[in-house]
1. Can you find a residue that is over 17 Å from the mean Cα position of the chain (by Cα) and either modelled with pLDDT under 95 or of a type in the set (Lys, Arg) (or both) anywhere in region 30-45?
2. Among GLY240, GLY250, GLY234, which is over 17 Å from LEU34 (Cβ atoms) and either modelled with pLDDT of 95 or more or over 20 Å from the mean Cα position of the chain (by Cα) (or both)?
3. Identify the residue in region 1-29 that is over 19 Å from ASN215 (Cα atoms) and part of a loop (DSSP other than H, G, I, E, B) and, among all such residues, is modelled with the lowest pLDDT.
4. Inside region 264-277, can you point out the residues that are surrounded by fewer than 15 Cβ atoms within 10 Å (Cβ to Cβ) and free of Cβ contacts under 8 Å to residues at least 24 places away in the same chain?
5. I'm trying to understand the selection: among the residues of region 71-106, which are of a type in the set (A, V, I, L, M) and modelled with pLDDT of 95 or more?
6. Can you tell me which residue among PHE202, PHE194, PHE169 is in contact (Cβ under 8 Å) with a residue 40 or more places away in the chain, among the aromatic types (Phe, Trp, Tyr) and over 20 Å from VAL146 (Cβ atoms)?
7. Pairs please, first residue from region 128-148 and of a type in the set (D, E, K, R), second anywhere and open to solvent by 20 Å² or more (accessible area, probe 1.4 Å) and at pLDDT 95 or above, Cβ atoms under 6 Å, 6+ apart in sequence or on different chains.
Amino acid sequence: MLPPDNHVHSQFSWDTRSNGSMELACAKAVELGLPAIAFTEHVDFTAWGHDDLPPLNGTQNISLAHRERVQPLDVEAYQATIAECRDKYPQLRILTGIETGEPHLFAGSVAQVLGSGVFERVLGSLHSVVYQGRILSPERVFALGVAPEDAMRRYFEGLLDLIKGSDVFQVLAHCDFPRRYWPTGARPYDEALFEEEYRTVFRALATSGRALEINTRSPLWSVELMRWWYEEGGEAVSFGSDAHVPYRVGAQFELAVDVVEAAGFRPGRDQFDFWRR
């Protein structure tokens, strides 16, 4: 049996537009024989809220840039649709959840969202790089001409800040997110070039007792990279398709299972659990 898909987006995530469908994603999960699916909708913010911790550029807060499309999560409608899908697909375990972007910076804002409903699977994500006084997406940083290797190392530094600065999430998602947008003119992405950075992040995450996601929307990791997580003390692996359209639910899970198993991890306590060492 394939593992649960712990990272799926529906129509309630601001970046799925009209392509997301919770009901169709559930149907795809049933078709694939997945035991469970978690709808981890995006929770991102366009302004600093009360009790948030924006980083400083000198004595000034770092600014948020290019977040015009970001919309708040409609928690009430989301929870209602979850209930409908649970009634329609009783053979599938359907988990509520959020993917919280930069939770170490938006602690107060994230707490408000978590207090507004029941969220069973919480992912922590870093979708940005701090550059020239602004929080920017990796694509924009690359477009500004920053050397890809330098941008990647900035990103890993931000991941460490996220892990150390927030305890609200259970799973660290897509820990090399900028890799998706690697410039076509640059030399190919080389995992070994960043081994020290990966291991440092993995060590911090393992010490915190949380799980690492293998994300099948990003370029699939090598067994060697997954083994770094094992060697640094990682206890658990979560599988996530990061699907924004229903047909991508569970995508490449067969290959991901082979990678995780070859690195030393095995199915957990039951079919709904993370894989464990």
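The values are calculated or read from the model by the stated rules, or taken from the named source; none is laboratory data. Keep in mind that this is a model prediction, so the values were computed, not measured. Methodologically, a virtual Cβ is constructed for each residue, glycine included, from the backbone with ideal geometry; neighbour enumeration extends over all protein chains shown. When the accessible area is computed, the model is the full protein with side chains, heavy atoms only, and any ligands, DNA or RNA have been set aside. Shrake-Rupley method; radii C 1.70, N 1.55, O 1.52, S 1.80 Å.
1. No: zero hits.
2. After applying the criteria, what remains is GLY234.
3. Ranking the qualifying residues of region 1-29, first place goes to ARG17.
4. Across region 264-277, the qualifying residues are ARG266, ARG269, ASP270.
5. Within region 71-106, LEU73, VAL75, ALA77, ALA80, ILE82, ALA83, LEU92, ILE94, LEU95, ILE98 meet the criteria.
6. Among PHE202, PHE194, PHE169, only PHE169 is in contact (Cβ under 8 Å) with a residue 40 or more places away in the chain, among the aromatic types (Phe, Trp, Tyr) and over 20 Å from VAL146 (Cβ atoms).
7. Every condition considered, the pairs that remain are GLU139/TYR181.
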